[in-house]
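> Please read through the structure below; I'll follow up with questions.
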């Protein structure tokens, strides 16, 4: 069985994204369906806010699936999926799950790994993407803070290690006179 060491979003990150996305949806006054998937496109968490359209539940999930799987925001497809576009008919792929409507945003780490994605639906594609972006930004801020905390802790460990490497001096020779460290 093949395993991957690539980083992926976990439930705590998904919950942070969900909280931030939901808060932003409340701020703009548009109840949303919000879906969050990991890097393997598996659903981690979902919420349907009071008043969100029942008919857009699967759309939100499919937007997250598409953004994680294709590693780009779903809004990037626009004209490419219209009749005559290079990707016309692509929404029929993956069992009809491909969703080229704006509102799906991948969560990409600073080193380029897709950690997961957020899909939102009920508002306009622009509102959906705005809410999804708020969730993504919360995860990226959380990662940045965790890295900063880990970096500070590592610096503290190295400082302690450097201090512990300094051996106490029992005596010091000062201008030819031996001084006892305990008496200094």
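The values are calculated or read from the model by the stated rules, or taken from the named source; none is laboratory data. Nothing here was measured: the structure is a model prediction, and the numbers come from that model. Methodologically, a virtual Cβ is constructed for each residue, glycine included, from the backbone with ideal geometry; neighbour enumeration extends over all protein chains shown.
> Looking at (1) within 13 Å of residue 117 (Cα to Cα); (2) surrounded by fewer than 22 Cβ atoms within 10 Å (Cβ to Cβ); (3) in contact (Cβ under 8 Å) with a residue 12 or more places away in the chain, which is the only condition residue 53 fails?
(1)
Residue-by-condition table, conditions (1) out of contact with any strand residue (DSSP E or B) (no Cβ under 7 Å at 6 or more places or on another chain); (2) in contact (Cβ under 8 Å) with a residue 24 or more places away in the chain:
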site: 29; (1), (2): yes, no
site: 38; (1), (2): no, yes
site: 41; (1), (2): yes, yes
site: 44; (1), (2): no, yes
site: 59; (1), (2): no, yes
site: 68; (1), (2): no, yes
site: 73; (1), (2): no, yes
site: 76; (1), (2): yes, no
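> Out of all the residues in the stretch 151-166, is one or more modelled with pLDDT under 90, more than 30 Å from residue 54 (Cβ to Cβ) and not in a helix (DSSP H, G or I)?
Restricting attention to the stretch 151-166, the residues satisfying the condition of being modelled with pLDDT under 90 are 151-166.
Those left that are additionally more than 30 Å from residue 54 (Cβ to Cβ): 151-166.
Next, from what is left, pick out any that are not in a helix (DSSP H, G or I): 166.
Yes, some residue in the stretch 151-166 is modelled with pLDDT under 90, more than 30 Å from residue 54 (Cβ to Cβ) and not in a helix (DSSP H, G or I).
> Of the residues 6, 16, which is buried (at least 17 other Cβ atoms within 10 Å of the Cβ) and within 30 Å of residue 146 (Cα to Cα)?
16
Every residue, every condition in (1) surrounded by fewer than 24 Cβ atoms within 10 Å (Cβ to Cβ); (2) in contact (Cβ under 8 Å) with a residue 24 or more places away in the chain, yes or no:
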| residue | (1), (2) |
| --- | --- |
| 89 | yes, no |
| 97 | yes, yes |
| 103 | no, yes |
| 108 | yes, yes |
| 113 | yes, yes |
| 117 | no, yes |
| 123 | yes, yes |
| 127 | yes, yes |
| 131 | no, yes |
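> Is it fair to say residue 128 is at pLDDT 95 or above, within 28 Å of residue 33 (Cα to Cα), under 9 Å from the mean Cα position of the chain (by Cα) and assigned to a helix (DSSP H, G or I)?
So residue 128 does not fit the description; no.
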